[in-house]
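The structure appears below as structure tokens.
The values are calculated or read from the model by the stated rules, or taken from the named source; none is laboratory data. Everything quoted here is computed from the prediction, not taken from an experiment. As a convention, Cβ positions derive from the backbone with ideal geometry for all residues, glycine included, and neighbour counts pool all protein chains shown. SASA here: full protein model, heavy atoms, side chains in, ligands and nucleic acids out. Shrake-Rupley method; radii C 1.70, N 1.55, O 1.52, S 1.80 Å.
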Amino acid sequence: MPADERQDTRRARNVILFIGDGMGSVQREAARKLIGRPLVMDGLPVIGSVGTSSADPEALVTDSAAAGTALATGVKTYNGAISTGLSGERLTTMLELVKRTGRSTGLVTTCQITDATPAAFAAHVPLRSDHSEIARQYIEETEVDVILGGGEDYWYPAGDPGAFPDDPGDEPAEFSRGTRGDLVARARHLGYEYVTTSSELERAESDKLLGLFANQNLFEAQPPGEGDSYDPPVSLPALTRKALDVLARDPDGFFVMIEEAAVDRMAHKNNARLAIQGVLELDRAVAVALDFATSHPETLIVVTADHECGGLEFCEPDPTLGVPDETLHRLGLRWTTINHTPAHVPLNASGPGSERLGGDLDNTDLFAAIVDALGLEVATVMAAVARPPG
């Protein structure tokens, strides 16, 4: 058996799960066309396709909360639920299971760190809008070691400006709105080092790290030419590199979920240029992870999405059609909606256990595959997945 095949049958010590929120197959192909070459993520040898349905009794298409829950727990639920089942039960997540084994854990995103996708891995609330409770659970209950993203507004109570000035003229309004007290102070009391700038992040030395770099998102999601921008104060590759540096100190290994949220947020605004830029930023972060894996071959890397957004599709360019987003015209693209769609999403993977992630999958399949790759007994784990509320 070739050496690379033997590696894939060993147990993983580390797991790096990348989620391109809203990133469908066309978003990835558009990124390839834009740069004129394959993406780094295309080089991960295991290729799969993932179904994205939820168990919502009324909605035909999933939201990010239900989709994230399915990925994180292996259980489908209703839209808006954060790792909470159809009957209100708390659903154990892969991050929590990894934490129980003594490994370190991390969450990284370019939107609010308490938004639906990261929240599904480390919190349990019936409604995704309960951001401050999600933040409290991160630091007091789940004890996530590395927490990096935006959304500082939910960590401070109203009237406390925090590190970033309130800007109520923005849409959505940016101002402190926490409901669980001063959670930054609480995090510091619990031993977290708190950083808010790129230079502070670079200098940070603690094994417990909280970094909040914006009131809300690390970008401005707007329609083309209407205040849209993708110029994050800290790039996703930089966030990824720091998270891996910190988590790799744990000799037992780690699990980290890393999300690029701009693909989805820009798709909701039908902003092709910046949605594709989000794909490319995610790809740069994947390159960081692959570089890490060269010296840590016991690392499973998975790149996928929670759902597709925007119904992006290729079409014959119409030179007579005026469009606000020149990228659409240049690449022969068109949006069919501003909402999520039920399309399957692509997956690529490499490293120990990745062989279980090829072919046609459901979003719930990732949970069992990743848990098994880490050497945890799936049957035992699944028996403990559903816990009563409280």
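A few points about this structure:
- Working note: Debye formula, equal point scatterers on the alpha-carbon atoms of the chain, no solvent; log10 I(q)/I(0) at q = 0.10, 0.11, 0.15 Å⁻¹ is -0.59, -0.73, -1.42.
- Projecting the Cα positions of 297, 216, 114 onto the charge dipole of the chain (unit charges on Cβ atoms of Lys, Arg, Asp and Glu, taken about the Cα centre) puts 297 furthest along the positive direction.
- Most fluctuating residue given options 224, 251, 297, as computed from a GNM of the chain linking Cα atoms under 10 Å: 251
- Relative contact order (%) - criterion: Cα under 8 Å, at least six apart; region: the chain: 30 percent
- Among 181, 375, 333 the positive-end extreme of the charge dipole of the chain (Cβ point charges): 375
- Computed over region 195-351: relative contact order in percent, which uses C-alpha pairs under 8 Å that are six or more apart: 20 percent
- Of all complete DSSP H helices in the chain, those with a Cα span along the helix axis of 15 Å or greater and a mean Kyte-Doolittle hydropathy of -1.0 or more are 25-35, 236-247, 272-295.
- 1.4 Å probe accessible area per residue over region 1-133, in Å²: 34 Å²
- Relative contact order of region 52-152, pairs being alpha-carbon contacts under 8 Å that are 6 or more residues apart, as %: 26 percent
- Listed by chain and number, the lysines whose C-alpha is less than 29 Å from the C-alpha of residue 269, apart from same-chain residues fewer than 8 away, are 33, 76.
- When the chain is treated as a GNM with alpha-carbon contacts under 10 Å, the residue of 201, 376, 280 showing the greatest mean-square fluctuation is 376.
- Assigned charges on the beta-carbon of Lys, Arg, Asp, Glu; the chain dipole about Cα centre (debye): 860 debye
- Region 116-249, accessible surface, carbon-and-sulfur percent (1.4 angstrom probe): 47 percent
- Signed unit charges on C-beta, dipole axis of region 77-138, positive-most listed residue 123, 94, 135: 94
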